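A.B. asks: If you scroll down you'll find the structure; I have some questions about it.
The values are calculated or read from the model by the stated rules, or taken from the named source; none is laboratory data. Small disclaimer: the values here were computed from a predicted structure and weren't measured. Cβ placement follows ideal geometry from the backbone for every residue including glycine, while neighbour counts extend to all protein chains displayed. Quick note on the areas: whole protein, heavy atoms, side chains included, nothing else; ligands and nucleic acids left out. Shrake-Rupley method; radii C 1.70, N 1.55, O 1.52, S 1.80 Å.
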Amino acid sequence: KAGVTQTPRYLIKTRGQQVTLSCSPISGHRSVSWYQQTPGQGLQFLFEYFSETQRNKGNFPGRFSGRQFSNSRSEMNVSTLELGDSALYLCASNAGEQRGYGYTFGSGTRLTVV
Amino acid sequence: EDKVVQSPLSLVVHEGDTVTLNCSYEVTNFRSLLWYKQEKKAPTFLFMLTSSGIEKKSGRLSSILDKKELSSILNITATQTGDSAIYLCAVFGGKLQFGAGTQVVVTP
């Protein structure tokens, strides 16, 4: 079956602009989580959506937002980009179980802010 | 505040060596600890641990959880160059929280 698809793969934006990233989960998966990865910081949890509702949220400023559609596809938006937002953004989908198991990651979107 | 700490942050070993990676955590509502391998971009799942003292093994990789000490180790024996990667520890307590990872480089 198809894996988790993230688009675009690479993105270059200017400070102050906004950006929207997309994540299509594995068919049948209802949960999508988003992570920011920067060198030395590991994966920082942004938020999780389950059945179109935000189920969990990390400690990121309000410039970071997301949503999930009825087909479980999710989008993440970052407004007023800062240089420090340059990172690999990963999403992961799972069936929605609350055990930690079954998360499948996409290949990420590499965002560069100049 | 919840935290997941991995050590060391990086290491270089020769092929054939054994590697031990550490993960300690303080996470409310702990349910499971997971290990992932990240070679390029997408982390891939290695193990999930929920019970103390039970070792999970897959080939040359093994892992064990100590819930009393709030820690876990990942062992890689007879390392190969293909083991070079970032190894990520994550703890699930309602959401998946990651440590900073350990960069492992295996030289021929």
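A.B. asks: Restricting attention to strands (runs of 3 or more DSSP E) lying wholly within the range B:27-108, give those where 2 or more residues are away from chain A (no Cβ under 13 Å) and at negative phi.
C.D. replies: Values: elements: B:32-38, B:44-49, B:56-58, B:61-66, B:71-76, B:85-92, B:96-98, B:102-107.
The strands (runs of 3 or more DSSP E) meeting that bar are B:56-58, B:61-66, B:71-76, B:102-107.
A.B. asks: Hey, can you tell me all the residues within the range A:73-84 that are part of a loop (DSSP other than H, G, I, E, B) and open to solvent by less than 10 Å² (accessible area, probe 1.4 Å)?
C.D. replies: Filtering the range A:73-84 down to residues part of a loop (DSSP other than H, G, I, E, B) leaves A:73, A:79-82.
Once the filter is applied, which keeps residues that are part of a loop (DSSP other than H, G, I, E, B) and open to solvent by less than 10 Å² (accessible area, probe 1.4 Å), the range A:73-84 yields only A:Leu81.
A.B. asks: Residues in the range A:17-31 that are open to solvent by 50 Å² or more (accessible area, probe 1.4 Å) and assigned to a loop (DSSP other than H, G, I, E, B): how many? Spell out the reasoning first.
C.D. replies: Applying the first criterion (open to solvent by 50 Å² or more (accessible area, probe 1.4 Å)) to the range A:17-31 yields A:17-18, A:20, A:27-28, A:30.
Adding the requirement that they be assigned to a loop (DSSP other than H, G, I, E, B) leaves A:17-18, A:27-28, A:30.
Of the residues in that region, 5 qualify.
A.B. asks: A:Ser70 fails exactly one of the following numbered conditions: (1) more than 10 Å from every other protein chain (Cβ to nearest Cβ); (2) part of a loop (DSSP other than H, G, I, E, B); (3) open to solvent by less than 10 Å² (accessible area, probe 1.4 Å). What is the number of that condition?
C.D. replies: (3)
A.B. asks: Residue check: is A:Arg99 surrounded by fewer than 19 Cβ atoms within 10 Å (Cβ to Cβ) and either aromatic (Phe, Trp, Tyr) or under 22 Å from B:Leu33 (Cα atoms) (or both)?
C.D. replies: Working: surrounded by fewer than 19 Cβ atoms within 10 Å (Cβ to Cβ): yes; either aromatic (Phe, Trp, Tyr) or under 22 Å from B:Leu33 (Cα atoms) (or both): yes.
Spelling it out, A:Arg99 is indeed surrounded by fewer than 19 Cβ atoms within 10 Å (Cβ to Cβ) and either aromatic (Phe, Trp, Tyr) or under 22 Å from B:Leu33 (Cα atoms) (or both).
A.B. asks: With the structure loaded, tell me whether B:Gln6 is closer than 15 Å to B:Ala100 by Cβ and of a type outside the set (A, V, I, L, M) or whether it fails that test.
C.D. replies: Considered against the rule, which asks whether it is closer than 15 Å to B:Ala100 by Cβ and of a type outside the set (A, V, I, L, M), B:Gln6 comes out as yes.
A.B. asks: So for the range A:85-104 (the condition being part of a loop (DSSP other than H, G, I, E, B), within 10 Å of chain B (Cβ to nearest Cβ) and modelled with pLDDT of 95 or more), does at least one residue qualify?
C.D. replies: No: zero hits.
A.B. asks: Could you check B:Gly101 against (1) over 22 Å from A:Gln98 (Cβ atoms); (2) open to solvent by 10 Å² or more (accessible area, probe 1.4 Å); (3) under 13 Å from the mean Cα position of the chain (by Cα) and say which number it fails?
C.D. replies: Here B:Gly101 meets the rest and fails (2).
A.B. asks: Continuing with this model, one more query. Scan A:Val19, A:Val4 and give me the residue that is more than 27 Å from B:Ala85 (Cβ to Cβ) and among the hydrophobic types (A, V, I, L, M, F, W, C).
C.D. replies: Numbers: A:Val4 fails: more than 27 Å from B:Ala85 (Cβ to Cβ).
Sole residue among the options that is more than 27 Å from B:Ala85 (Cβ to Cβ) and among the hydrophobic types (A, V, I, L, M, F, W, C): A:Val19.
A.B. asks: Let me ask something additional. Pairs only if they're at least six apart or on different chains, beta carbon under 6 angstrom, first in the range A:80-101 and at negative phi, second of a type in the set (Phe, Trp, Tyr) and not in a helix (DSSP H, G or I); list them, first residue then second.
C.D. replies: Cβ pairs passing all conditions: A:Leu90/A:Tyr35; A:Leu90/A:Phe105; A:Cys91/A:Trp34; A:Ala92/A:Tyr103; A:Ala92/A:Phe105; A:Asn94/A:Tyr103.
A.B. asks: Tell me which of these B:Ile73 doesn't satisfy, since it passes every other one: (1) under 26 Å from A:Tyr35 (Cα atoms); (2) open to solvent by less than 30 Å² (accessible area, probe 1.4 Å).
C.D. replies: (2)
A.B. asks: Checking A:Phe64 against (1) open to solvent by less than 60 Å² (accessible area, probe 1.4 Å); (2) within 11 Å of the chain's Cα centre (by Cα); (3) closer than 22 Å to B:Pro43 by Cα, only one condition comes out false. Which one?
C.D. replies: (3)
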